[in-house]
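The values are calculated or read from the model by the stated rules, or taken from the named source; none is laboratory data. On a predicted model such as this, the values are computed, not experimentally measured, just so you know. Note that each Cβ is placed from the backbone with ideal geometry, even for glycine, and that neighbours are counted across all protein chains shown. Surface accessibility is based on the protein's heavy atoms, side chains included, excluding ligands, DNA and RNA. Shrake-Rupley method; radii C 1.70, N 1.55, O 1.52, S 1.80 Å.
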Amino acid sequence: MEKIFVKTPMKTYPIVFEEDFLALADMVIQQNLSGRKMCILADKNTAELYGQSVLSQLEKVASAVYFYDFPAGEMFKNLESIYHFYRFFQENHFDRKTVIFALGGGVCGDMAGFAAATYLRGIPFVQIPTTLLSQVDSSVGGKTGVDFNGTKNSIGAFYQPEFVYINTKTLETLPEREFAAGMAEVIKYGCILSNAFFTFLKEKKEDIKNMNHSVLCEMIRQCCLFKADVVSKDEKESGLREILNFGHTIGHGIETKMDFQLLHGECVALGMLAVLELGRNRKDVTKQQLEEVKNLLQYFKLPLFVKYNSVKAIYEQLFLDKKVKENKIGFVLPKGIGEVYTTSNVQKQEILNAIEFVVKA
Ligand code: GLY
């Protein structure tokens, strides 16, 4: 598949689509990164599955290859993990030419990117996303960071990778639940940007669930095109990029209050349903449109509601979100399917009703 280029003031870089890791060494050469120290950062699960394949590619083009693995899961996405990365970097005398390779899902990419952004004030890094969610969203666009003190992604930096290497075959080893979580971000693109893409997802849902490779590739590539376009227009989220946070405000609130028992994508699914209900109450979304999104989420076995005993606690958590400005919560709200608008002009009762739609005692 043809490369896609992400063009930002910070950097222009390619997203490449492959069906194995065999083109990785060539990509390193093409991007003028060969002959350097290289370090693979991977969570333990991914390290076991793909560590050796990536390592053997990098050995062809590096002066030395290092490998650091760490426990998988959102609960390890914190400054303590970053501290251990820095220690490893320093002990091995990494310098400003050393290249970091983030091999794994969103947690790995966000943390490796943040360590690369801050170690020695910035060293190069490459994203090798191996989950659906990271391939369609988090590996593209330079958001890096960690959770802090019960708040999602609240410490971080915008820092773009040298390139993104997507091996679509890695999805074949992805647990079903992780795949579904990625589908929430895929469906998000339909909701915010394209009714036609939403229709494509509805029509191809069986092929997607059956892991039809060409349909999956078409879907992933289209998501990367959407993301690259938005990020190229607004790298640092001063306007347009905010739309990518559709479903994330309430989603992050649920994710944090439930101590990360649910996956990020599952919480995005809940957050999207909540704001669709808010939109329905505003008469911007019809009941049928809400049902269509709900049915598609349900088809991929995403949760439609969650059991939690305090709507108020989730409401209060929203005020700790990054998008709060002068004590007003920023929302991305739907206008039908395929269009959204941003506003902080949302009444408390509207928000409570929206949370109640997906959070049941
Ligand atoms: N995941 C949302 C963004 O990258 O802006």
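At a glance:
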read-out: Top-ranked residue of the stretch 52-71 - restricted to ones that are part of a loop (DSSP other than H, G, I, E, B) and more than 21 Å from the chain's Cα centre (by Cα), ranked as surrounded by the most Cβ atoms within 10 Å (Cβ to Cβ); value: Ala62
read-out: Qualifying position, being farther than 24 Å from Asp26 by Cα, under 14 Å from the mean Cα position of the chain (by Cα) and modelled with pLDDT of 95 or more, among Val136, Val164, Val140, Val107; value: Val107
read-out: Candidates Leu49, Leu33 - the one that is out of contact with any Lys or Arg (no Cβ under 6 Å at 6 or more places or on another chain), open to solvent by 50 Å² or more (accessible area, probe 1.4 Å) and hydrophobic (A, V, I, L, M, F, W, C); value: Leu49
read-out: Conditions (1) closer than 25 Å to Thr168 by Cβ; (2) crowded, with 24+ Cβ neighbours inside 10 Å; number of the one not met by Glu74; value: (2)
read-out: Scan of the stretch 260-285 for residues that are at positive phi and either within 16 Å of the ligand (Cβ to nearest atom) or touching a residue at least 60 places away in the same chain (Cβ under 8 Å) (or both), ordered by number; value: Phe260
read-out: Residue check, Lys322 modelled with pLDDT under 95 and either touching a Phe, Trp or Tyr at 6+ places or on another chain (Cβ under 8 Å) or within 16 Å of the ligand (Cβ to nearest atom) (or both); value: yes
read-out: Of all residues in the stretch 249-265 being farther than 15 Å from Gly106 by Cβ and not polar (S, T, N, Q), the one that is surrounded by the most Cβ atoms within 10 Å (Cβ to Cβ); value: Ile250
read-out: Qualifying residue in the stretch 223-233 (condition: away from the ligand (no atom under 14 Å from the Cβ) and aliphatic (A, V, I, L, M)); value: yes
read-out: Residue in the stretch 174-185 that is within 16 Å of the ligand (Cβ to nearest atom) and not hydrophobic (A, V, I, L, M, F, W, C) present; value: yes
read-out: Filtered residues of the stretch 108-161 (kept if among the aromatic types (Phe, Trp, Tyr), within 15 Å of the ligand (Cβ to nearest atom) and in contact (Cβ under 8 Å) with a residue 60 or more places away in the chain); value: Phe158, Tyr159
read-out: Boolean, Lys7 is of a type in the set (Lys, Arg), at negative phi and out of contact with any helix residue (DSSP H, G or I) (no Cβ under 9 Å at 6 or more places or on another chain); value: no
read-out: Those residues of the stretch 186-211 which are within 15 Å of the ligand (Cβ to nearest atom) and open to solvent by 20 Å² or more (accessible area, probe 1.4 Å), in sequence order; value: Leu193
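This table checks each residue for (1) over 22 Å from the mean Cα position of the chain (by Cα); (2) open to solvent by 40 Å² or more (accessible area, probe 1.4 Å).
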{"position": "Cys267", "(1), (2)": "no, no"}
{"position": "Leu276", "(1), (2)": "no, no"}
{"position": "Tyr299", "(1), (2)": "no, yes"}
{"position": "Pro303", "(1), (2)": "no, no"}
{"position": "Lys322", "(1), (2)": "no, yes"}
{"position": "Ile329", "(1), (2)": "no, no"}
{"position": "Lys335", "(1), (2)": "yes, yes"}
{"position": "Thr342", "(1), (2)": "no, yes"}
